[in-house]
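For reference, the structure is listed below as structure tokens.
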């Protein structure tokens, strides 16, 4: 079982978020017990921004057991197609392509996505299994 993790969950855990920190940590632990947990380049970059150094960031991800998963050409193409459909349906710029890259990576390269943003991902990546720690 390969679980892609979204930035929100990692930030919950690393920032010890008062509301979502513990549920996100528990869900992450469950996913790690069931297989690999990976972050795509977008999540990797967004999460890195929360740390003061590369060393602290890499130590934290490796301590958790979260690996890096490069996005395939197929996943990036799926993100572009899905984002184009979203925009054609009147979608606002509030959802930038990064969100679609995360969803497409999880949908085409992983078995599920660990995220608190279930409504959006379920709507645009309908077959994607979403694990929501806040549910």
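FYI, it's all coordinate maths here, none of it is from the lab. Bear in mind that the values here come from a model prediction, so they are computed numbers and not experimental data. As a convention, Cβ positions derive from the backbone with ideal geometry for all residues, glycine included, and neighbour counts pool all protein chains shown.
Where does helix 54-64 land angle-wise versus the long Cα axis of the chain, in degrees 0 to 90, nearest 10?
90 degrees
Which angle from 0 to 90°, rounded to the nearest 10, does the C-alpha axis of helix 21-33 make with the longest principal axis of the chain?
90 degrees
Calculate the spin-label point distance for residue 134 paired with residue 81, positioning each point 7 Å from the Cα along the beta-carbon direction, and give it in nanometres.
3.0 nm
Take the Cβ-Cβ distance between residue 63 and residue 122 as r, set R0 to 30 Å, and report the resulting FRET efficiency rounded to the nearest 0.05.
Step by step, r from the Cβ atoms, then E = 0.45.
Using alpha carbons only, how many angstrom separate the centre of segment 74-121 from the centre of segment 1-63?
Result: 19 Å between the Cα centres.
Just want the ordering: 108, 53, 69, 127, from fewest to most Cβ atoms lying within 10 Å of their own Cβ.
Final ranking by Cβ density, sparse to dense: 127, 53, 108, 69.
How much length would be gained if the chain were fully extended between residue 72 and residue 34, taking 0.36 nm per residue of separation minus their Cα-Cα distance, in nm to one decimal?
Residue separation times 0.36 nm, minus the Cα-Cα distance, leaves 11.3 nm.
Could you bin all the Cα-Cα distances of the chain into 5 Å bins starting at 0 and give me the percent of pairs in each, rounded to whole numbers?
The percentages, shortest bin first, are 2, 11, 21, 24, 21, 13, 7, 2, 0.
Taking neighbour counts of Cβ atoms within 10 Å as a proxy for exposure, in what order, fewest first, do 99, 6, 56 appear?
56, 99, 6
How would you rank 29, 19, going from fewest to most other Cβ atoms within 10 Å of each one's own Cβ?
Starting with the residue having the fewest Cβ neighbours, the order is 19, 29.
For segment 37-89, how big is Rg over Rh, using alpha carbon atoms and the Kirkwood form of Rh?
1.13
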